[in-house]
1. Taking the condition hydrophobic (A, V, I, L, M, F, W, C), free of Cβ contacts under 8 Å to residues at least 12 places away in the same chain and closer than 30 Å to C7 by Cα, does A153 pass?
2. Determine, yes or no, whether I72 is β-branched (V, I, T) and either open to solvent by less than 10 Å² (accessible area, probe 1.4 Å) or at positive phi (or both).
3. Of the residues that make up the stretch 182-189, is at least one open to solvent by 10 Å² or more (accessible area, probe 1.4 Å), in contact (Cβ under 8 Å) with a residue 12 or more places away in the chain and touching a Gly at 6+ places or on another chain (Cβ under 6 Å)?
4. Give me the helices (runs of 4 or more DSSP H) completely within the stretch 428-509, filtered to those with at least 3 residues that are in contact (Cβ under 8 Å) with a residue 24 or more places away in the chain and either in contact with a Leu (Cβ under 6 Å, 6 or more places away or on another chain) or among the hydrophobic types (A, V, I, L, M, F, W, C) (or both), ordered by residue number.
5. Would you point out which residue out of L243, L234, L247 is open to solvent by less than 10 Å² (accessible area, probe 1.4 Å) and in contact with a helix residue (DSSP H, G or I) (Cβ under 9 Å, 6 or more places away or on another chain)?
6. Do any strands (runs of 3 or more DSSP E) entirely within the stretch 291-404 hold 1 or more residues that are closer than 26 Å to K204 by Cβ, and if so, which?
7. Suppose we filter the stretch 162-186 for residues that are assigned to a helix (DSSP H, G or I) and more than 30 Å from S244 (Cα to Cα); how many remain?
8. Check D98, D169 and return the single one that is without any contact (Cβ under 8 Å) to a residue 40 or more places away in the chain and either out of contact with any strand residue (DSSP E or B) (no Cβ under 7 Å at 6 or more places or on another chain) or under 30 Å from K232 (Cβ atoms) (or both).
Amino acid sequence: MLVKTFCAAVNGLEVHTVKVEVSMTRGVQFHLTGLADTAVKESYDRIKAALMNNGFKMPVMDITVNLSPADIKKEGSSYDLPLAIGILAANGKVASDDLDKYMMVGELGLDGRLQPVRGALPIAIKARAEHFKGLIVPKQNIREAAVVNQLDAFGMETLMDVIKFFNGDATIAPTRIDTRREFYEQQDVFELDFADVRGQESVKRALEVAAAGGHNLIMIGPPGSGKSMLAKRLPSILPPLSLSESLETTQIHSVAGKLSRDTSLISQRPFRAPHHTISQVALVGGGSNPQPGEISLAHNGVLFLDEMPELARSVLEVLRQPLEDRKITISRAKYNVEYPCSFMLIASMNPCPCGYYGDPTHHCACTPGQIQRYMNKISGPLLDRIDIHCEIQAVPFAQLSQMQPGEPSAVIRQRVIKARKIQEERFKSYKGIYSNAMMTERMLHEFAEPDAASLDMLRMAMERLKLSARAYNRILKVARTIADLAGSEKVESQHIAEAIGYRNLDRGDWAERGI
């Protein structure tokens, strides 16, 4: 008897429908074809034990299973459930009338319980696109699968639940979750707030400009000056995620297996802060079984690199292309995957090896040569891609104890949202452009053309600081954002002056002066 069930193969963010064909004839062997990896081949033992512990026996037949299309690699344990149901249906233990109406995924425990799988959300989207009536997933994955409308999502706890469902012995209702309501309710709930930060008004201003235009930023200052504290509060002033951005971000975290059990849609922009010992593969993605890296997990959010010079030079340099293209293509001999990675890079660093160069309260014993070598750990091309360079000093205790609480994040966020709405209107006819940081050179001439006075100021800065063409473009982008925050249609000289002030590390005498 020939029976067909359906599941899915996830390759990057791309999902392929897989047809599980089970044929039984007289014999005693088990054959599995269709480019399956070790985890899929081991499913026979898991299925056999699960059936035995639930009152069934593996049929003593010649069983041939084909995973079609056979030229797509099948990886992981999510094929256990469709394989088990296919074998039981071919043996007459499960009714096969409705098997072609449902896609199913799930790993089987030896007791027959369904274990969670990765990629339930993109699989649900694929099931709807392929016009399946429903999707059967483990109970732990039901919240992310139920996000997709016009598709019945069923969360099952055990193999017996699925058997009873197809045999009509149990009536199981699809899960309905008002994910939109939950999404909007959680958008404005933040544990960290800028009101907790006293002083550092210039740095807060720089972070506000970065948030308003989607610009990359680096903070340079001694230990204890508040760099990490400020960076962790940046998501609280970023504009809220749209539903489409949330869906895209949630898919990436679903594929990576990073979604918690009670999560349906990610409602806040992600904030990723990897340790400085991170490898290239962990940062950009890939591996023997391709997975999204930290830059993709930070998609539509923030990637924070604390103590940036401590990261390996080779790791930092792989950021160049993703920062420009906002996507990463990983090509290996056995696969080729592409992940989106449109993120804000926020970095922090000490000004010298000991950390106290320019700090009036501590003595720095580093020589200019040591400081320059320390700074050279971050290459010029990478610094060019960071729009805002912000110097930060520790706030003295006398001032810290007297200062009033800072401006709350909610107030700053409203200004950021207002500036972003101006940019949305400006770029509505440009596909894939949503903020000033994404502008092309041609768009700079159209929307950020400086006047004569500003042009003279820029020319002087270019000559004195020996800026590259890319740094020139960054200054114009930042100036356009400053003008948007001020509600100005044109980029004026004061906007250019502030943007030039955010290129501190481009100064050739940086290592020879006090901060």
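The values are calculated or read from the model by the stated rules, or taken from the named source; none is laboratory data. These figures come from a predicted structure and were not determined experimentally. Quick reminder, even Gly has a Cβ in these numbers, built from the backbone with ideal geometry, and neighbours come from all protein chains shown. Calculation scope for accessible area: heavy atoms of the full protein, side chains included, ligands and nucleic acids excluded. Shrake-Rupley method; radii C 1.70, N 1.55, O 1.52, S 1.80 Å.
1. no
2. The answer is no for I72.
3. No, the stretch 182-189 contains no residue that is open to solvent by 10 Å² or more (accessible area, probe 1.4 Å), in contact (Cβ under 8 Å) with a residue 12 or more places away in the chain and touching a Gly at 6+ places or on another chain (Cβ under 6 Å).
4. Filter on the stretch 428-509 gives 452-465, 469-486, 493-500.
5. L234
6. Output list reads 302-305, 344-349, 388-391.
7. 6
8. D169
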